[in-house]
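Report on the following structure.
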Amino acid sequence: MSYATPLLRRTLRRWVFWVVLVSAALVFVLVTMIATGAGRPLGEPLHPESPGPEGTMAAVEVLRDHGVDVIVATSFEQMRAASADRDSTILVHDPLLILDDDNAARLLDVVPLARDLVLLDPSTAAVEAVNAEIAAAGSVSGVLSADCDLGPVVRADEVTGDGRGYRYLGSDDSVVSCLDSGDDIVSVVQFDHGETTVSVVGATEAFTNGTIASVGNAALVFGLLGENPTLVWYIPGFADIASDEDPALSPQWTTPVVILLALVAVAAGVWRGRRLGPLVVENLPVTVRASETMEGRARLYSTSSARLRALDSLRIGTVQRLAGQCKLPRTADFYEVADTVAAITGWRQTDVRAVLVDAIPAHDRDLMELSDRLLELERAVATATTPT
């Protein structure tokens with residue numbers, strides 16, 4: 001018994017497909033991650049623990065250095081526990097719009113828990129839940145000047161107004177509207193709700209790490225958030241969604257899910273490939289006779305009504321045999337063969353050319369007649385070239 005050791009080249013050839021497939025999958029995953037992350041800022045925007053330019057970690061750390069206890073809550077229950085003594089400021093930032101529609105009514109439950117409530121870039125539904133006379137008014141950009149007697153705004157003097165604007169549609173003189181950017185669009189609206197001061201703030205850019213040190217942004221932020229010894233930074237999470245509702249798939253989950261599915265597909269392909277093994281080339285112990293091949297091609301020509309193609313196949317074989325019988329070189333074309341055959345057999349030149357080249361069968365009967373003429377021409381040449 002002998003054993004054959006597989007060659008290195010054969011082994012590499014066997015694995016090259018899977019190596020290329022896995023490499024392509026990894027490249028696709030990397031490109032997808034880069035493409036989806038290229039347009040995002042470093043860190044989560046307006047998140048108190050994000051050190052990126054769009055985060056708000058700088059403001060949080062400064063508040064902590066000045067004795068403010070900053071607590072990040074991701075559920076209503078955590079926020080309630082953190083502000084139990086009521087001597088606190090609650091900031092609500094809802095980037096996933098969890099407190100939207102029906103859930104926005106829970107903001108009314110937040111109001112009695114704090115001395116100051118700051119709604120940072122709230123949705124339309126959230127604003128209407130706390131004050132139906134405040135309406136969203138599109139985006140705002142540019143530096144805005146102080147135009148009210150609100151303490152944090154007066155101390156700031158100028159504020160980066162990039163963010164969202166609002167309009168106060170009511171007539172209550174106790175409601176303070178600040179940082180007007182034109183057309184009665186303001187970036188800060190403050191009013192009292194019972195014993196709680198509520199501030200609706202749309203100038204989100206002033207809170208970010210990248211711009212808090214610009215103009216008077218720091219005075220505005222610390223004036224709104226640093227009045228009480230405790231600041232509860234409330235970011236609603238999926239735990240705040242009613243139990244009878246199914247949370248929608250977050251866009252942040254899409255990329256990891258796609259990557260996982262791609263890796264599962266690659267792993268399944270490798271598993272199935274190893275199980276089935278490489279392809280084996282084996283000579284079948286069957287001999288196919290030439291007549292069967294000829295009959296098979298003839299049936300195909302007949303099925304597709306390819307009369308001219310079938311006749312051309314017959315003509316090619318006939319011309320090759322005639323060229324050999326007439327001792328013509330292999331480079332001789334159809335017309336040379338036709339002229340030589342006409343001279344040898346005594347047939348008219350036009351008849352020979354019609355049989356070998358020019359005639360086109362219109363139906364099966366023409367095809368049979370031209371086939372018979374080819375046989376007659378071959379017999380005539382054989383008779384003329386055979387020595388007597």
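The values are calculated or read from the model by the stated rules, or taken from the named source; none is laboratory data. Because the structure is a prediction, the values reported are computed rather than measured. Cβ atoms come from the backbone with ideal geometry, glycine included; neighbour counts cover every protein chain shown. Accessible surface is based on the protein model in full, side chains and every heavy atom, while ligands, DNA and RNA are left aside. Shrake-Rupley method; radii C 1.70, N 1.55, O 1.52, S 1.80 Å.
Scan segment 225-237 and report the pairs whose first residue is within 15 Å of Val62 (Cα to Cα) and assigned to a strand (DSSP E or B) and whose second residue is open to solvent by 20 Å² or more (accessible area, probe 1.4 Å) and of a type outside the set (A, V, I, L, M, F, W, C), with Cβ atoms within less than 8 Å and a gap of 6+ or a chain change.
That search, which allows pairs on different chains as well, returns Thr230/Asp69; Thr230/Asp85; Thr230/Asp87; Leu231/Asp69.
Those residues that are part of a helix (DSSP H, G or I), touching a residue at least 40 places away in the same chain (Cβ under 8 Å) and open to solvent by 70 Å² or more (accessible area, probe 1.4 Å), I need them from segment 357-388; list them, please.
Scanning segment 357-388 gives a single hit, Asp364.
I'd like the full set of residues that are within 36 Å of the chain's Cα centre (by Cα) and among the hydroxyl-bearing types (Ser, Thr, Tyr), limited to segment 73-127.
Residues satisfying the conditions are Thr74, Ser75, Ser123, Thr124.
Just name the residue that is nearest to Val92 (Cα to Cα) out of those in segment 33-58 that are aliphatic (A, V, I, L, M) and at pLDDT 90 or above.
Leu46
What are the residues in segment 301-329 that are open to solvent by 50 Å² or more (accessible area, probe 1.4 Å), under 24 Å from Ala343 (Cα atoms), hydrophobic (A, V, I, L, M, F, W, C) and free of Cβ contacts under 8 Å to residues at least 60 places away in the same chain, if any?
Ile316 - this is the single residue of segment 301-329 that is open to solvent by 50 Å² or more (accessible area, probe 1.4 Å), under 24 Å from Ala343 (Cα atoms), hydrophobic (A, V, I, L, M, F, W, C) and free of Cβ contacts under 8 Å to residues at least 60 places away in the same chain.
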